[in-house]
1. Among (1) in contact with a helix residue (DSSP H, G or I) (Cβ under 7 Å, 6 or more places away or on another chain); (2) modelled with pLDDT of 90 or more, which single condition is B:V306 missing?
2. Checking the structure you have, find out if any residue of the range B:288-299 is crowded, with 23+ Cβ neighbours inside 10 Å and outside any helix (DSSP H, G or I).
3. Check off (1) in a helix (DSSP H, G or I); (2) surrounded by fewer than 24 Cβ atoms within 10 Å (Cβ to Cβ); (3) small (G, A, S) for B:S237 and give me the number that stays unchecked.
4. From B:M591, B:M567, grab the single residue that is at pLDDT below 75 and either farther than 18 Å from A:I505 by Cα or within 7 Å of chain A (Cβ to nearest Cβ) (or both).
5. Take the residues of the range B:445-472 that are small (G, A, S) and over 16 Å from A:A494 (Cβ atoms): which is nearest to the other protein chains (Cβ to nearest Cβ)?
6. Name the residue that is nearest to B:I605 (Cα to Cα), counting only residues in the range B:473-483 that are more than 7 Å from chain A (Cβ to nearest Cβ) and touching a strand residue (DSSP E or B) at 6+ places or on another chain (Cβ under 9 Å).
7. In this structure, is A:E402 touching a residue at least 60 places away in the same chain (Cβ under 8 Å) and charged (D, E, K, R)?
2 protein chains.
Amino acid sequence: MFETLKRLLIGKPLRNDALSGEKYSVAMGLPILSSDAISSVAYATEEILLVLYPVVGILAYNSMIGVSAAIVGLLVLLTFSYKQTIQNYPNGGGAYIVAKENLGLIPGISAGAALSVDYILTVAVSISAGTSAIISAFPSLERHRVLICLLILLLIMLGNLRGITESAKIFSIPPYAFILGMVTMILVGIVKFKVTGIVPPPPSNAAIATQSSVTIILLLRAFSSGCSALTGVEAVSNAVPNFREPSTKHAQITLMLLAFIVLIVFGGISVLASIYKVAPVAGKTVLSQIAMGVFGQGFMYYYIQVTTAVILAMAANTAYSGFPMLISVISHEGYAPRQFALRGDRLSYSNGIIALSTVAAILIVVFKGETHLLIPLYAVGVFVSFTLSQTGMFMRWVRTKEPGWVHKAIINGMGALVTGVAVIIIGATKFTHGAWIVIVIIPTLVKAMLKVKDHYNAVAKQLRIEEDELATIDLDKELYRNRVIVPIASVNRASIRALRYAKTISDHVTAFNITINEEEKEKIEKKWAILNTDIPLVVRNSPYRKIVNPLIEFIESEEYDMKKGDMITVVIPNFTVRNMWHKLLHNHTRMFISGELLKHKHIAIATVPLKLKDDNIILKDKK
Amino acid sequence: MFETLKRLLIGKPLRNDALSGEKYSVAMGLPILSSDAISSVAYATEEILLVLYPVVGILAYNSMIGVSAAIVGLLVLLTFSYKQTIQNYPNGGGAYIVAKENLGLIPGISAGAALSVDYILTVAVSISAGTSAIISAFPSLERHRVLICLLILLLIMLGNLRGITESAKIFSIPPYAFILGMVTMILVGIVKFKVTGIVPPPPSNAAIATQSSVTIILLLRAFSSGCSALTGVEAVSNAVPNFREPSTKHAQITLMLLAFIVLIVFGGISVLASIYKVAPVAGKTVLSQIAMGVFGQGFMYYYIQVTTAVILAMAANTAYSGFPMLISVISHEGYAPRQFALRGDRLSYSNGIIALSTVAAILIVVFKGETHLLIPLYAVGVFVSFTLSQTGMFMRWVRTKEPGWVHKAIINGMGALVTGVAVIIIGATKFTHGAWIVIVIIPTLVKAMLKVKDHYNAVAKQLRIEEDELATIDLDKELYRNRVIVPIASVNRASIRALRYAKTISDHVTAFNITINEEEKEKIEKKWAILNTDIPLVVRNSPYRKIVNPLIEFIESEEYDMKKGDMITVVIPNFTVRNMWHKLLHNHTRMFISGELLKHKHIAIATVPLKLKDDNIILKDKK
């Protein structure tokens, strides 16, 4: 039943060789890889305004244009930097790989940790912002905000557990629809303003400015918030091998197009916000207010809201291709739990997908699906990985000194410097707003990753057998003296089967029974006598109603006479019932007993299946 | 580590014989068993007003006195009814036992189902009402309502997992403190009114009456809501054996005292509410408004709020002694999953406690901790069990015809009749407000309980061996042909240990390995050659990256030549790591493989422990 449900929800499993069919053209790769970067415009302008507007009132609009220009400048620089990364890392140049290769282990896994945090926040922020877009259009949904976020998350998770091919096909249209909507809105918005010549009225809910001029600190805070517009720019460089040949070239074209679109859309929205003098209010996103101002509450308004929500959901989806792949690489190298290295059904990295969804869900619940509460956490991780990646590229040029390296080093060096400064600005101005969480978490993750690697090293070292030792091993020598204990609840078919199995694997079998009172003891001993076997029955009273302790005590008692090197096998029958509900009806003593006994290195557990027939068949026989 | 945490939170396990020390005197039993009944005054009066006030405005107060009087009359009748139950069921006369013994199986388990629902709702309602008391005193906590409810629930759950003795000691004081507070408030409230002679002003937020007179339907609805005051009256009769000898007598005295206190407090609060013309408003309970009116916002006001919250938490606690005991009895008779029959650590029925807490937590979250949303669900279950229990007693007298039976039958018969009518009133007037949920759930539970019993019967029938058959069984005959398969990931110490164990239990051992490519295959075959053993190594390619299917295919292939009656043992090594975190770092393939393989009735699983040394020791060796 569970299997059927699983198949229904996530489709049939794919074979290993099905991987190759899933490569991007530019037209296909652009929408899929750009959604994260492009969708940020849905909240970046608003975040800038949220910093400026409450402090300086309508003065905010002029400053916003300046801050946006600075961010666009940073975008251009990053684009050229990452173009070089793509050129040099045709197998995918995620910050983890670039930093690890050029800067060493610790910067590498720091980048890995920063990226992981980034991916998780991409999911949480994008879904929260998408929900805000929906709520702006349908305000009555406000009280279900968290629920809507979680439903979107669930949908994306299930989609990803189904696999990549289908995602790609489904997800290439909405970004184009969104871009079309944005460009139309920017054009109409500007033309309308120029043609009518009427200056839109100032916001009705005009805030009272608490400062009459814009301070540097305020601009830096606004810049930090706006930097969330640049998240996702690195997506293309991570995904180079996913492009069709020549993949490097296709990836570079995609990156340039992406940057151009972000520039136009982010710049355009900032300009519109300042023309229409939109003030950030609760329950209506800045983008939805602009759309309302430009189009009125008609078809185009809802078109903008819906495409915004969809592209934000897709941005969350970007993290679902990035994170599981990243953690799988890290896991292959031993720095993350091995479960993440496996590809699950349908070639998706199921464990990574589930882990990502779980942490994002927790963030959404804790921060109540409020985008602006999550933003301070978001940008730090992204810019740490930008900085590490660019620094890595810079060091690469300095080290290799290949032709034209000075020019290239300057580009990446500037990228590193500027993003590094951005990290400091963001960390400092947003520290108390939540950035501290990320600043604490990244080093903690790094520490944990090193610990994980240590553990796997220790295990591998213990298990390793060198070839010369291997040649000396004779499996037939040094066999264990195998003795068997069968705990029985009563003398029934299950225990008979277990005893028979025990006899098959050893000549030294003991039956073991726990009673609470004398009456029970007499009853089972009487039945045992009727069975008339040479297997001894040991009965113990257990006031704690526990089986494990008395069993261990018995094994270690003189009566049992255990010798060094003995292996004791405890045989436990396991009821196999067809009906899933029936499973719940049996004591899971087997599981608990096994867990406890396996802590002892000389006790093995043998589980003997006993298939129960269907209730109906049995109960019909009775009549 | 987990064990330590568990001990810290729930204390040391108790022995069976520690049970006897925990008997109640009247002075001790009264507070513990009465908290449910007495605490209902914290919401019952408010629920009556919530029905009347919005419809008829200040006319509500006169009607309320009448409705309250009817409920008090019902209380007196119930008290005499239950006094007879106590007399005749010295071992505890819960509705389940009384109905099952006198009315038959279906009424019996219906009572069991109704009681279970009642216990769960007692927890949810009492905790919600307790939280309302806290919020009335500290209105800023309003937005954390659900969280506060869940914290209280958690606290009570942990307390109960620790065991009964301590609960009793801790919990005998607050009810007396609450009763003292209530009686003081009633006296001061009435005296103040009489002395000053000033009529308190009508509520400032006076509702506009939509009806100018009180209809019968309205009175019935008010009566239904007010009936929640009577929940918990049956607690004493369930707990007769918990009293010191003579337990019947002690229980009867306790019941009479309890009824007297409910009468005084519930009646008194209703009178005060009508004197002070308190209107139900959101965020301030009626009780807190009365306290404010009587005492002003001083020490006594907070005293009333705190003792109310505490006694409501204790009322929730009552369900924690009742529910696990009830479900354990039902489970012992086979109508509930066996897990509930076990007494856990510290003599508490841990599974029952955890189940109760979980369902109550769900109710609290779904109904957002709002008492009045839960009330319609509450009273139905309680009154169904009242009716079944009283009808059972009535039938008992009719059947036994013992001396004086007519008199006794009249009392219980009237009890049955009146509570039966109450069920119909509550069900009809509250049907659309939530009572339908309970009306649907009780028969569903009954059906499920019968199914559970069927399953256990079917299993027992399959396992049973009659004595004559038992005598014919010869365990040495018909042994299985035991063959062993050892799945190995590579040739290392873990696989050597598993192979050695396999050799110990069988002469027919096969090693089995899964590869993804040819390279891996050559590597393991080379190592295998060095090992130089007579055990054959079978290597299979698995494009699905799964081990179970290829293994089953191999076992069923001609190559393996399985015969009917063969038992195949699959040997799996199990890493035992000390550190809990390290457990997470190993693929849990063992668990998944076992689960799948055990579905085949001819495949047993042997788990061989392999204790890993501590990381630090291993890694130190390296240096």
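1. All conditions pass for B:V306, except number (1).
2. No, there is no match, as no residue in the range B:288-299 is crowded, with 23+ Cβ neighbours inside 10 Å and outside any helix (DSSP H, G or I).
3. Answer for B:S237: the failing condition is (2).
4. Numbers: B:M567 fails: at pLDDT below 75.
The match here is B:M591.
5. Top of the filtered list is B:A471.
6. B:R483
7. Judged against the criteria, A:E402 is not a match.
One line per residue, one yes/no per condition, for (1) of a type in the set (V, I, T); (2) exposed (fewer than 15 other Cβ atoms within 10 Å of the Cβ):
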position: B:A435; (1), (2): no, no
position: B:D454; (1), (2): no, no
position: B:Q462; (1), (2): no, no
position: B:D468; (1), (2): no, yes
position: B:I473; (1), (2): yes, no
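The values are calculated or read from the model by the stated rules, or taken from the named source; none is laboratory data. Please read all numbers here as calculations on a predicted model, not as lab measurements. Neighbour counts run over all protein chains shown; Cβ positions are idealised from the backbone, glycine included.
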